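The values are calculated or read from the model by the stated rules, or taken from the named source; none is laboratory data. As the structure is a computational prediction, the values presented were derived from the model and not from experiment. With ideal geometry, Cβ positions are generated from the backbone for all residues, glycine too; neighbour counts draw on all protein chains shown.
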């Protein structure tokens, strides 16, 4: 990788000051950023290490939501009694990201800021109607994911925490790539007082998306059979060496049914 | 250059390093602890697995400077007083290797597995928990047997220690 300056602030204000340099990048768990830098696909002039900023980590129940700090590692979400009690689907999702070594480093905020189209957390954030809280505003998940590896974050804007509303029922089922463990297709289903939300990751050419027809059917009848006869068009889905768009479209229907069944 | 200081296998070490130095480069090139291997260098294979503050991580995908102030354990730090760690002994007893290149990472990941999941590990759990480590020789059967034995003996050692 190319050389960079290294900063390790111990306060949020310090981190934001270090990130005012337009070419600086925040370093969370580094599980995507460091490989990207090693391949010289990214060459930030400075890295701002966030692990020394205590207010960015932690998990707490806040009324009808679970609030998780951006620097909270996947392993801590997976093992959290608070998350397991309130949104077990979210704990299970975190426990299925990558592998144990990756989960020990990778973070919620890093995953959402990167918005890899095959990442798991974007599915949970969109299906649960999460709010992404930054140093300057609150962004609804609908407005946050704007495209492939693109988000509503402005230059220098930092995710501080994410608020996940607690659903009545939820489940996440993914078909992982056997090599990378990234989602070939992942479907997160959440049943809330306002209806059912279905988010699909791993498949869309523009990243995570919702499936309106599945949501309408499941809001009327929350059972796998409600999805009989419904399908997702292959247009707009990824085709690559792992799976073509038709296969992904088929998997979305299958995994959505499995998720509904798992949610109970 | 930045100053880094950490505890590696119980020894305090410090050095002036380029910030882009990976932890595995620091361990191998600066400290000459070459038991930690670089396999894929893309965080897939797990040959570079070490423990940082008690958790298994891939040292090819971690900056050395990110571990400033941390406690690091490598494969060289497992044996105590000339006696192999139970997980090392189990890999020897069950021949949980062929070429041996992945073995340091396998053992470090397996010790972490027992620390997280306890000593009573069934085969499915072991295979699932080893998803971050790749072996290109063995087909994994002897590795799984090794981990099962190592886990049992780590549990027995902990019980014996608690009884003393």
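In the stretch B:31-43, the residue that is modelled with the highest pLDDT out of those that are surrounded by fewer than 20 Cβ atoms within 10 Å (Cβ to Cβ) and within 11 Å of chain A (Cβ to nearest Cβ) is B:40.
Within the stretch A:1-57, being surrounded by fewer than 15 Cβ atoms within 10 Å (Cβ to Cβ) and in a loop (DSSP other than H, G, I, E, B) holds for A:2, A:3, A:10, A:11, A:20, A:22, A:23, A:39, A:40, A:41, A:43, A:45. As a summary of the residue check, residue A:82 satisfies the conditions (1) assigned to a helix (DSSP H, G or I); (2) more than 14 Å from chain B (Cβ to nearest Cβ); (3) surrounded by 23 or more Cβ atoms within 10 Å (Cβ to Cβ) except for the one numbered (3). From the list B:100, B:139, the lone residue that is modelled with pLDDT of 95 or more and outside the structural domain of residue B:28 (by TED's automatic domain parsing) is B:100. Residues that are touching a strand residue (DSSP E or B) at 6+ places or on another chain (Cβ under 7 Å) and more than 14 Å from chain B (Cβ to nearest Cβ) number at least 2 in the following strands (runs of 3 or more DSSP E) confined to the stretch A:141-203: A:159-165, A:169-176, A:183-192, A:195-201.
Just one residue in the set B:90, B:47, B:64, B:55 is crowded, with 23+ Cβ neighbours inside 10 Å, over 26 Å from residue A:44 (Cα atoms) and within 14 Å of another protein chain (Cβ to nearest Cβ); that residue is B:47. When every residue of the stretch A:75-83 is checked against the conditions, at least one turns out to be over 16 Å from residue A:164 (Cβ atoms) and at pLDDT 95 or above. Answer with yes or no whether residue A:66 is more than 10 Å from chain B (Cβ to nearest Cβ), modelled with pLDDT of 95 or more, farther than 29 Å from residue B:47 by Cβ and buried (at least 18 other Cβ atoms within 10 Å of the Cβ). Taking the combined requirement at face value, the residue satisfies it.
Pairing residues of the stretch A:164-181 that are more than 8 Å from residue A:128 (Cβ to Cβ) with residues that are part of a strand (DSSP E or B) and modelled with pLDDT of 95 or more, at Cβ distances under 6 Å and at least 6 apart in sequence or on separate chains, gives A:168/A:191; A:169/A:191; A:171/A:189; A:172/A:188; A:173/A:187; A:174/A:186; A:175/A:185. Return yes when residue A:116 is assigned to a helix (DSSP H, G or I), under 24 Å from residue A:259 (Cα atoms) and out of contact with any helix residue (DSSP H, G or I) (no Cβ under 6 Å at 6 or more places or on another chain) and no when it is not. No.
When residue A:242 is tested against (1) in contact with a helix residue (DSSP H, G or I) (Cβ under 8 Å, 6 or more places away or on another chain); (2) not in a helix (DSSP H, G or I), exactly one condition is not met: (1).
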